[in-house]
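What follows is calculated from the coordinates using simple rules that are stated; it is not laboratory data. Quantities reported herein were computed from a predicted structural model and do not represent experimental measurements. Don't worry about glycine lacking a Cβ; one is built from the backbone with ideal geometry, like all the others, and counts go over all protein chains shown.
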Amino acid sequence: MNSFEIYNFNKIGNLEIGYLTALEEKKDRLPFEIKRVYYIYNVPNQVNRGFHAHKKLKQILICLNGSVEIRVKKGDVTENFLLDDPAQGLFINDLVWREMYNFSNNAVLLVLASDIYKEDDYIRDYKEFLKLCK
Ligand code: TYD
């Protein structure tokens with residue numbers, strides 16, 4: 001499994017009636033069972049969020065409205081993704097550092113997660129993250 005990857009979801013509908021995207025367990029290539037859903041919204045444009053990795057948690061980030069940029073880091077590799085399409089998701093595996101920035105005014109970022117919230121799964125120190133990656 002890749003450390004991070006863009007998923008293109010199904011999209012039902014057309015310009016005239018609008019669109020619907022459905023994500024179903026065991027279909028749609030979802031790489032984990034969803035145990036938690038949360039969303040981030042009303043983030044002021046100058047605020048950057050994230051700045052952590054997870055020991056075990058896997059996530060899919062979907063920008064339902066507006067846009068946001070995500071920077072992911074794994075080892076020496078850094079990649080930036082612009083999320084601005086609700087039919088796309090960014091899969092982020094465990095042990096990947098993530099930073100979220102440039103939230104548009106109306107951005108709503110939906111997160112599908114493989115586990116319930118556990119603070120002890122967070123790695124919030126970048127040096128510790130690099131150590132754990134080795
Ligand atoms: P955090 O994951 O650090 O947010 P971000 O990476 O977007 O900056 O979480 C922010 C706060 O919310 C932190 O105090 C933990 C709390 N929180 C929960 O209580 N439950 C959750 O499912 C999540 C994701 C966060």
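Looking across the stretch 106-120, the residues that are of a type outside the set (Gly, Ala, Ser) and within 10 Å of the ligand (Cβ to nearest atom) come down to 109, 111, 115, 116, 117, 118, 119.
A single entry from 93, 80 fulfils the requirement of being touching a residue at least 40 places away in the same chain (Cβ under 8 Å) and either within 16 Å of the ligand (Cβ to nearest atom) or within 15 Å of residue 3 (Cα to Cα) (or both): 93. When residue 68 is tested against (1) within 13 Å of the ligand (Cβ to nearest atom); (2) in contact (Cβ under 8 Å) with a residue 60 or more places away in the chain; (3) closer than 28 Å to residue 10 by Cβ, only condition (2) is not met.
The residues on offer are 57, 64, and the sole one that is of a type in the set (A, V, I, L, M, F, W, C) and surrounded by fewer than 17 Cβ atoms within 10 Å (Cβ to Cβ) is 64. Residue check: residue 43 meets all listed conditions (1) under 13 Å from the mean Cα position of the chain (by Cα); (2) β-branched (Val, Ile, Thr); (3) within 16 Å of the ligand (Cβ to nearest atom); (4) farther than 20 Å from residue 133 by Cα but one, namely (1). Looking across the stretch 91-107, the residues that are over 10 Å from the mean Cα position of the chain (by Cα), of a type outside the set (Val, Ile, Thr) and within 16 Å of residue 132 (Cβ to Cβ) come down to 94, 95, 97. Look at residue 88 and say whether it is under 12 Å from the mean Cα position of the chain (by Cα) and more than 11 Å from the ligand (Cβ to nearest atom). Yes. Scanning the stretch 108-134 for residues that are surrounded by fewer than 19 Cβ atoms within 10 Å (Cβ to Cβ), under 17 Å from the mean Cα position of the chain (by Cα) and among the hydroxyl-bearing types (Ser, Thr, Tyr) turns up 117, 122.
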